């Protein structure tokens, strides 16, 4: 069984268990105040395996499934037998890094909580875009695919704008910083991706 499928199964199980046992939800959810004042740093990781409801869970896991398979194969190509370890480390690191800005912003707010795998999923998606910038990405409300290299900057701009607005319950900071982490990680471990990326988008034509 692939690591991608194993991560999805674990995430689904943890989310469902937390819905049935709210004490588990309270113990695992990202609460920056408790991380700061109680030293519960594990929440930076466990919150990435929790979701608010089925819609939230399915959206993240379907997105993860369609992109993580490629990254898993890529890591086996780059790191041989250690590919699975790199994928797990990359995904968990992305979840943690994407939560750090939220942690710093709300570390003295005992009432703030956040959850979800969005930061890790964003890292996976943007890492894929770096290697496959012409792959179309489909959104539910747009009937045509948007090439990844166009979707990426638009998504980052939207996440940054919504984060500055501070409206709603979506953690746009996690999306933004997770995406950036995915890109930077790939550039560091495989610098050759930059000229390959530029070569691909140079040959793109709208019609």
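The values are calculated or read from the model by the stated rules, or taken from the named source; none is laboratory data. None of these values were measured; they are calculated from a predicted model. Cβ atoms come from the backbone with ideal geometry, glycine included; neighbour counts cover every protein chain shown.
Values for this structure:
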{"quantity": "Enumeration of residues in the range 66-86 that are surrounded by fewer than 16 Cβ atoms within 10 Å (Cβ to Cβ) and in contact (Cβ under 8 Å) with a residue 12 or more places away in the chain", "calculated": "78"}
{"quantity": "Residue match in the range 30-41 (condition: surrounded by 19 or more Cβ atoms within 10 Å (Cβ to Cβ), outside any helix (DSSP H, G or I) and in contact with a helix residue (DSSP H, G or I) (Cβ under 9 Å, 6 or more places away or on another chain))", "calculated": "yes"}
{"quantity": "Meets criteria (free of Cβ contacts under 8 Å to residues at least 40 places away in the same chain, within 23 Å of residue 7 (Cβ to Cβ) and touching a helix residue (DSSP H, G or I) at 6+ places or on another chain (Cβ under 6 Å)) for residue 119", "calculated": "no"}
{"quantity": "Helices (runs of 4 or more DSSP H) fully within the range 143-207 counting 2 or more residues that are free of Cβ contacts under 8 Å to residues at least 12 places away in the same chain and surrounded by 10 or more Cβ atoms within 10 Å (Cβ to Cβ)", "calculated": "148-165, 193-202"}
{"quantity": "Single residue of 77, 91 found to be part of a helix (DSSP H, G or I), more than 21 Å from residue 34 (Cβ to Cβ) and more than 15 Å from the chain's Cα centre (by Cα)", "calculated": "77"}
{"quantity": "Subset of the range 64-74 [closer than 16 Å to residue 1 by Cβ and over 15 Å from the mean Cα position of the chain (by Cα)]", "calculated": "73"}
{"quantity": "Residue match in the range 11-27 (condition: in contact (Cβ under 8 Å) with a residue 12 or more places away in the chain, closer than 19 Å to residue 98 by Cβ and surrounded by fewer than 14 Cβ atoms within 10 Å (Cβ to Cβ))", "calculated": "no"}
{"quantity": "Test: residue in the range 102-112 that is crowded, with 23+ Cβ neighbours inside 10 Å, within 17 Å of the chain's Cα centre (by Cα) and at pLDDT below 95", "calculated": "no"}
{"quantity": "Hits in the range 89-99 - residues which are under 10 Å from residue 177 (Cβ atoms) and either at pLDDT below 95 or crowded, with 22+ Cβ neighbours inside 10 Å (or both)", "calculated": "94, 98, 99"}
{"quantity": "In the range 49-60, residue nearest to residue 122 (Cα to Cα) [restricted to those that are part of a helix (DSSP H, G or I) and at pLDDT below 95]", "calculated": "60"}
{"quantity": "Any hit, the range 95-103, residues being part of a helix (DSSP H, G or I) and free of Cβ contacts under 8 Å to residues at least 24 places away in the same chain", "calculated": "no"}
